[in-house]
Amino acid sequence: MRYPEAAFVTSRRCFLRSASLAATTVMFSEAQFAQAVPQARANAVSPAKSAVDENRMRALAAWTALTLETPNPVPYGAEIVHSQSGERLMRATNAVGQEHDPSAHAEVRAIRLACSQLNSYSLRGYTLYTTCEPCPMCMACALWARLDRVVYGATIADAARFGHQILIPATEIAKRSDMTCVVEGPVERDLCFALFTNPNMQNTFKRWNSEKP
């Protein structure tokens, strides 16, 4: 089955302020400073990119919200787009219950389906947007897929208020890898958090949390 629109399938990284950068200059040798500045620029989030991220997250949240009026509501939606062109490759939502698969998180499903569509194990050159900060499993999958960036909405701590979570930040997973993936968020956190507090979603959380393992 093809899923071109798979069925209910930042803190911003600000550039180092000049004052802070000047204050740290004394800590670097001339050679170290020459290396530090390009790295800071590489990690910066431009206003244009921030606006694009916000628009994409709003659209993803709205698409994910469509599940809230179905028998299987979920607050977790993910989207993979080309980092340069912005062309959407794949969307997916969490389908753990429907697929009886504990690994069927939105991010993992989007990555699987995107790789299948490209006939490649690598998603280098693509960005993953997700309505919630990836859990360690999903962030590890993003790293193995060689994604350029991961941009998330609500935080993993937000999600933990309503169900089980492994409370390790996505940035921490990325730091411990020799593979590079920029993690940015939260973006449109309040909007994404509203997916969790929707009355239909709240009733579903109660049902999930009452079920025996």
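The values are calculated or read from the model by the stated rules, or taken from the named source; none is laboratory data. Given the structure is predicted, the values throughout are model-derived calculations rather than measurements. Please note: Cβ atoms are built from the backbone with ideal geometry, for glycine as well, and neighbour counts cover all protein chains shown. All accessible areas refer to the heavy atoms of the entire protein, side chains included, with ligands and DNA or RNA removed. Shrake-Rupley method; radii C 1.70, N 1.55, O 1.52, S 1.80 Å.
Counting only Cα atoms, I'd like the Rg/Rh figure for the stretch 160-213, Kirkwood definition for Rh. For the stretch 160-213, the value is 1.10. Electrostatic tally near A78: other residues with Cβ closer than 12 Å to its Cβ, Lys and Arg +1, Asp and Glu -1, net +2. Neighbours of Y126, meaning other residues whose beta-carbon lies under 12 angstrom from its beta-carbon, give a summed charge of +1 when Lys and Arg score +1 and Asp and Glu score -1. Accessible area per residue was computed with a 1.4 Å probe on protein heavy atoms; K206 scores about 140 Å². When Rg and the Kirkwood radius Rh are both evaluated on Cα atoms of the stretch 89-166, their ratio Rg/Rh stands at 0.96.
Label-to-label distance for S210 and R124 is 5.1 nm, based on points extended 7 Å past Cα in the beta-carbon direction. Between S85 and R58, the simple label model (points 7 Å from Cα in the Cβ direction) yields a spacing of 2.5 nm.
Dipole of the stretch 79-173 (Lys/Arg Cβ +1, Asp/Glu Cβ -1, origin at the Cα centre): which of H164, T93, C135 lies farthest to the positive side? Farthest towards the positive end: T93. Work out the P(r) tail for the stretch 75-128: percent of alpha carbon pairs separated by more than 15 Å, whole number. The proportion of pairs with Cα distances above 15 Å equals 43 percent. When the alpha-carbon atoms of the stretch 46-192 are used, the pair Rg, Dmax equals 14.0, 42 angstrom. Taking every Cα-Cα distance in the stretch 126-179 and sorting them into 10 Å bins starting at zero, the pair-distance distribution P(r) comes out as 25, 58, 16, 1 percent. Simple point charges give the picture: +1 on the Cβ of Lys and Arg, -1 on the Cβ of Asp and Glu, and for the stretch 160-213 a dipole about the Cα centre of about 320 debye. Give me the percent of Cα-Cα pairs in the stretch 45-117 that sit more than 16 Å apart, rounded to a whole number. Cα-Cα pairs of the stretch 45-117 separated by over 16 Å account for 54 percent.
For the stretch 54-123, the set of GluC sites (Glu not before Pro) satisfying both a DSSP loop assignment and a count of at most 10 other C-beta atoms within 10 Å is given as E87.
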